[in-house]
Amino acid sequence: LDDLIGTIDGFLNTKSDIHLSMASSSHSCSGCGKEVRPRQHALLCDNCHQWRHRVCDTNMTQEMYSCS
């Protein structure tokens, strides 16, 4: 059980700098410059605080996004 908890903690810590979320207000995508709308898949970076559409050069599949 301790090994499993350590593995889960390690996985969560590696993803701590990016939030997967739906934008709640108007933001521009740092990749394409278009608006990130509330129902679009988007990522918010904790480091630069910029939004990016999942499909704009993130290499994140829809399945990866849905599992996060």
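Odds and ends about this structure:
- Working from label points 7 Å from Cα in the Cα-to-Cβ sense, the C48 to S28 distance is 1.3 nm.
- Placed amide H near H41: partners under 5 Å, 5+ positions off or other chain: R54
- Extension gain for S68-E35 works out to 9.6 nm (0.36 nm per residue, less the C-alpha to C-alpha distance).
A short reminder: the numbers here are calculations on the coordinates, not readings from a lab. Note that the coordinates shown come from a computational prediction; the quantities given were computed from them, not determined experimentally. Note that we place each Cβ from the backbone using ideal geometry, even for glycine, and neighbour counts take in every protein chain shown.
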